[in-house]
1. Once Lys and Arg get +1 and Asp and Glu get -1 on their Cβ, which of 33, 12, 23 lies farthest toward the positive end of the dipole of the stretch 1-41?
2. For the stretch 16-84, what size does the Cα cloud have along each of its three principal axes, sorted from largest down, in whole Å?
Amino acid sequence: MDAALATEALKLRRSPVARTGWLAVVLGVPALTAAARAGGDSQLAVKAAAMLTGTGLAGYLGVVGQVTTVAMLVTTGIVTAWCSAANSSTAPSPDSSRPRCPGAGSRPRNSSS
């Protein structure tokens, strides 16, 4: 079981889609949260300030919660769609150099149900 999990983690770590999504979450959430807290006259600061639901720590955590929720939903959807496309019948053969999705081919599908 440990070897299977390590293999699947390696596939996910090497996939360019997952790396891009990870960077968007890790860099995007702090950037938008900082823009909301900093204020200013830029378009990003004005849009981010509209997300503030309160003042102080409550407002800050509200912005962090909103931005993190949306970022994770979008990133999860994109990675899941990539997994579905990578495992479809039009995907390259398994011996291709393109990394496959986690779980792809790890279990046979039950076609009787």
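Taken together, the values in this text are just the output of simple stated rules run on the coordinates, not laboratory data. Small disclaimer: the values here were computed from a predicted structure and weren't measured. Cβ: placed from backbone, ideal geometry, glycine included. Neighbour counts: every protein chain shown.
1. Going by the charge dipole, the pick is 12.
2. 42, 22, 15
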